[in-house]
Structure formats: C-alpha cells, structure tokens
1. Return the residue satisfying two criteria in turn: it lies in the stretch 150-165 and is modelled with pLDDT under 85 and surrounded by 11 or more Cβ atoms within 10 Å (Cβ to Cβ), and of such residues it is farthest from residue 134 (Cα to Cα).
2. How many residues does the stretch 36-91 contain that are of a type outside the set (S, T, N, Q), in a helix (DSSP H, G or I) and in contact with a Cys (Cβ under 7 Å, 6 or more places away or on another chain)?
3. Out of all the residues in the stretch 61-118, which are surrounded by 16 or more Cβ atoms within 10 Å (Cβ to Cβ), among the charged types (D, E, K, R) and more than 15 Å from residue 142 (Cα to Cα)?
4. Six or more apart or on different chains, Cβ atoms under 8 Å: show the pairs whose first residue is in the stretch 149-167 and among the small types (Gly, Ala, Ser) and whose second is at pLDDT 65 or above and surrounded by 11 or more Cβ atoms within 10 Å (Cβ to Cβ).
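The values are calculated or read from the model by the stated rules, or taken from the named source; none is laboratory data. Here the structure is a predicted model, which means the values were calculated and not measured. Here the Cβ is made from the backbone with ideal geometry for all residues, glycine too, and neighbour counts use every protein chain on show.
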Amino acid sequence: MGLVYFCRRTTAVLQASEEKGTTVDRQAYVDHIIDHYQNPRNKGRMDDADVQLGGGNPGCGDLITMYVKIDDDDRLDSVTFEGDGCTISQAGGSIVTELAQGLTLDEVKALGLEEINEEMGEEVVKSRVRCATLALGTLQAAVDQFRRDRERRDAGLPPVEVKPFEV
C-alpha cells in the first residue's frame, strides 16, 4: 500500500476485512462517513492556531475552516476544523484532522485523492470528489499559507491577513 495514513476506524475495518478474506464493502465506508459526520473528531475553533484558513465549494455551499498548530519540527501538533455543509464534506473534515495529526508539512502536502478514497471509499468519493476533498485541499492551502507567513516573518515582513469563513 505504500505510504498511506489511515484513521483508526478505517484501519480496524480494513484489518477485519483482510482477516475474513473480504474487501471493504460500500456500506462499511458509508457507516464510517456517517459516524464521522454525527460524531465529528477535532471539531471546533482553535484560538491559538499557528494558521487558520477557510475553504468552500461555491456550487453546493460547503464551507470549512481548518485550524492548525505546528510544532518546532514542522509537524502538525493539533488540527481542528469548523464547517457547515453536506455529510461528505463535514465527515471529510473530521477524517482529515485524524489523518494529518502528527504528520510533517511535507507529508500533509503529499496526501491526495488516494488517501481520501481509502478513507471514504472510491465509490462514494467519485460521485462527490469536491465535497470529499474540501478539507484536505483547505488543509494543504493552510500549510502553504503557514510557509509563506514564516518566510515573510523571517524576512522581517508581517504575515498576510487571511480571514476564515464564518460558520
């Protein structure tokens, strides 16, 4: 599988399926998505975030703001989100916070559609790819913003103010 990051629930589902010699069915992914939507992990504003950035899908009205605290080794120490929108986009926010926790900035940038498919199921994601990847794309943009702000700070310039979406 290569360099893949699973949240704890998906890992358990995949391991159970492998032990039984079966593949993960669509319903297991749907249950996983619904669980993250109804019981979101890491949801809420982070007042002391090193970077916060909002993103959205104008076509469907999904909004998400990612909050990130980054340690001295360029690892994501803490990741939270706020948002409003469809089940897929908001479950994606919860899933991405679990995926990204403890990763380096470069590892976050390396995450892609493959990891989202593995977490949410390719069958589900392919019909709602923009919703499913909203949190990941926003988190990756937040990493870029953090790096730009750090470069500006190192050059003696103030960071660029980016206001999050109000949810």
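1. Once the filter is applied, the top-ranked residue is 159.
2. Step one: filter the stretch 36-91 for residues of a type outside the set (S, T, N, Q), giving 36-37, 40-41, 43-51, 53-56, 58-64, 66-77, 79, 81-86, 88, 91.
Narrowing further to those that are in a helix (DSSP H, G or I): 36-37, 88, 91.
Filter once more, keeping what is in contact with a Cys (Cβ under 7 Å, 6 or more places away or on another chain): 88.
Qualifying residue count, the stretch 36-91: 1.
3. Selection gives 62, 98, 115, 118.
4. The qualifying pairs do not exist here.
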